[in-house]
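Here the structure is laid out as structure tokens; the discussion comes afterwards.
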Amino acid sequence: MDTTHTNSEYEDWKSIDIADSILSYGSELGDMEENEWQMVQTKGNQFVVNDQPFYVNGFNTYWLMVFAADESTRGKVTEVFKHASSVGMSVCRTWAFNDGQWRALQKSPSVYDEDVFKALDFVVSEARKYKIRLILSLVNNWEAYGGKPQYVKWGNAAGLNLTSDDDFFSHPTLRSYYKAHVKTVLNRVNTFTNITYKEDPTIFAWELMNEPRCTSDSSGDVLQDWIKEMAFYVKSIDPKHLVEIGLEGFYGPSTPQKYQFNPNSYAHEVGTDFIRNHQVLGVDFASVHIYPDSWISQSVADSHLPFIKTWMEAHIEDAEKYLGMPVVFAEFGVSAKAPGYNSTYRDNLINTVYKTILNSTKKGGSGAGSLVWQLFPDGTDYMDDGYAIVLSKSPSTSSIISLQSTRLALFNSLCSKKCRWGCKKRNVLEKVLYHDEL
């Protein structure tokens with residue numbers, strides 16, 4: 001990679017230094033005024049904390065609980081949070097489930113391994129130390145970590161005659177298994193902090209399911225009913241936290257005119273329906289994933305970048321026009337195993353996502369943030385699915401992430417009623433926020 005710097009680049013980074021000093025000044029103010037660790041809420045199409053905007057630059061690391069369950073790997077959880085915090089990331093999405101597998105949290109319906117639950121407690125308490133909030137997902141659509149296939153196995157073991165993994169959504173017994181899990185997690189008292197999960201501001205939101213699909217019902221009615229029941233159920237136990245579904249963002253039968261934005265011809269047949277699903281009472285914000293290298297073609301192509309921009313802009317517009325809520329691009333990335341991959345392409349992809357968020361942010365739009373898939377500490381290569389970003393080994397990616405964090409943090413403080421910005425600072429802000437070149 002070219003390490004020479006132009007004058008304009010130097011000026012840009014000088015601006016960022018000034019921006020950092022503004023940020024630290026802002027954080028001192030926050031400390032003086034004892035800005036408490038409060039719940040994230042929504043206000044129109046924005047996230048707010050303590051009535052101030054909270055735009056999100058975050059990440060996924062799904063395996064934190066399992067790593068925390070073993071003394072020999074527990075330190076890696078701390079490392080992830082430490083590294084993420086050093087580049088200004090403020091939200092992590094991770095699994096609050098592991099059903100019937102190796103090191104299971106839920107060994108069988110409503111039977112839990114207390115040691116693994118204590119590991120989840122550790123993840124929550126450690127996140128708080130690094131001022132990182134958590135989106136906790138409650139079950140998987142896929143087989144990894146158990147998911148809906150494990151619930152179906154449990155149902156069959158109990159004498160039900162289930163033939164499809166999608167029975168997870170429709171069979172009353174499996175619905176009751178899932179609700180029991182939800183109730184147990186939300187009412188859990190953290191053994192490290194003594195705070196009940198449903199009262200803990202460290203938890204940003206509950207996610208009903210990672211990437212729900214119900215391919216046996218392309219009308220979308222089965223999944224819609226499930227979302228209605230479960231969003232209401234979560235809110236009945238915990239009205240304080242935000243709830244999101246965990247969807248990938250495909251347009252479904254309620255909006256055929258939007259099929260053109262889907263990445264392929266079968267996306268509208270998987271039982272999900274972006275707008276209809278997110279209109280359910282109790283759902284607070286929208287989620288969208290971005291995987292052109294698995295949705296469009298296995299090989300990396302520059303043509304994927306315009307798709308990403310169009311895909312994001314369509315969902316941001318829908319969140320504004322039809323939903324009146326924030327949208328988070330909760331998973332995005334590219335696999336190093338994809339043919340044609342190189343780190344420059346990955347940086348371009350991340351930049352495309354970040355700039356699209358910023359374009360929405362500066363207009364006060366619904367683009368509320370993004371979570372890269374996925375952040376890894378050193379020495380965990382054996383867990384890498386191809387998407388791992390190790391900050392210490394990726395200085396260019398690390399810089400891009402850090403700059404986005406700085407820009408969003410400035411946005412968050414810019415709108416603070418407690419600050420009065422002089423013209424000089426405003427000029428710096430505009431340069432840092434809107435300068436296109438990195």
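The values are calculated or read from the model by the stated rules, or taken from the named source; none is laboratory data. Remember, it's a predicted structure, so these values are computed and weren't measured experimentally. Neighbour counts run over all protein chains shown; Cβ positions are idealised from the backbone, glycine included. Please note that ligands, DNA and RNA were not included when accessible areas were found on the heavy atoms of the full protein model with its side chains. Shrake-Rupley method; radii C 1.70, N 1.55, O 1.52, S 1.80 Å.
If you check VAL56, VAL80, VAL91, which single one turns out to be more than 14 Å from the chain's Cα centre (by Cα) and not polar (S, T, N, Q)?
Values: VAL56 fails: more than 14 Å from the chain's Cα centre (by Cα); VAL91 fails: more than 14 Å from the chain's Cα centre (by Cα).
The match here is VAL80.
Can you work out which of the residues in the stretch 258-284 that are of a type in the set (Gly, Ala, Ser) and either touching a residue at least 40 places away in the same chain (Cβ under 8 Å) or touching a helix residue (DSSP H, G or I) at 6+ places or on another chain (Cβ under 7 Å) (or both) is farthest from SER216 (Cα to Cα)?
If we filter the stretch 258-284 for residues that are of a type in the set (Gly, Ala, Ser), which is where we start, we get 265, 267, 271, 282.
Narrowing the set further to residues that are either touching a residue at least 40 places away in the same chain (Cβ under 8 Å) or touching a helix residue (DSSP H, G or I) at 6+ places or on another chain (Cβ under 7 Å) (or both) leaves 271, 282.
Values: GLY271: 7, GLY282: 25 Å.
My answer is GLY282.
Just to verify a result, which residue in the stretch 368-404, among those that are among the hydroxyl-bearing types (Ser, Thr, Tyr), under 19 Å from the mean Cα position of the chain (by Cα) and open to solvent by 10 Å² or more (accessible area, probe 1.4 Å), is nearest to PHE204 (Cα to Cα)? First the steps, then the outcome.
Residues of the stretch 368-404 among the hydroxyl-bearing types (Ser, Thr, Tyr): 370, 380, 382, 387, 392, 394, 396-399, 402.
Okay, now just the ones that are also under 19 Å from the mean Cα position of the chain (by Cα), so 370, 387, 397-398, 402.
Narrowing further to those that are open to solvent by 10 Å² or more (accessible area, probe 1.4 Å): 387, 398, 402.
Values: TYR387: 24, SER398: 24, SER402: 21 Å.
In this case the residue turns out to be SER402.
Could you pull out the residue among LYS183, LYS228 that is at pLDDT 95 or above, closer than 30 Å to GLN38 by Cβ, charged (D, E, K, R) and in contact with a helix residue (DSSP H, G or I) (Cβ under 8 Å, 6 or more places away or on another chain)?
Values: LYS228 fails: in contact with a helix residue (DSSP H, G or I) (Cβ under 8 Å, 6 or more places away or on another chain).
Within the list LYS183, LYS228, the selection yields LYS183.
So in the stretch 45-104, with the set limited to residues that are without any contact (Cβ under 8 Å) to a residue 24 or more places away in the chain and of a type in the set (Gly, Ala, Ser), which one is farthest from THR406 (Cα to Cα)?
Taking the candidates together, the pick is SER72.
Answer with yes or no whether PRO201 is closer than 16 Å to PHE332 by Cβ and not acidic (Asp, Glu). Spell out how you get there, then give the answer.
Working: closer than 16 Å to PHE332 by Cβ: no; not acidic (Asp, Glu): yes.
In short, no.
Give just the number: which of (1) among the acidic types (Asp, Glu); (2) at pLDDT 95 or above; (3) more than 18 Å from the chain's Cα centre (by Cα) does GLU331 not satisfy?
Result: GLU331 fails condition (3) only.
Limited to the stretch 355-387, what total is found for residues that are out of contact with any strand residue (DSSP E or B) (no Cβ under 8 Å at 6 or more places or on another chain) and either more than 18 Å from THR406 (Cα to Cα) or without any contact (Cβ under 8 Å) to a residue 60 or more places away in the chain (or both)?
12
Would you pick out the residues in the stretch 357-367 that are surrounded by fewer than 21 Cβ atoms within 10 Å (Cβ to Cβ) and in a helix (DSSP H, G or I)? Reasoning before the result, please.
Going residue by residue through the stretch 357-367, those that are surrounded by fewer than 21 Cβ atoms within 10 Å (Cβ to Cβ) are 358-359, 362-365.
Correct list: LEU358, ASN359.
Out of (1) more than 19 Å from ALA330 (Cβ to Cβ); (2) among the small types (Gly, Ala, Ser); (3) touching a Leu at 6+ places or on another chain (Cβ under 9 Å), the odd one out for SER303 is which?
Here SER303 clears every test but (3).
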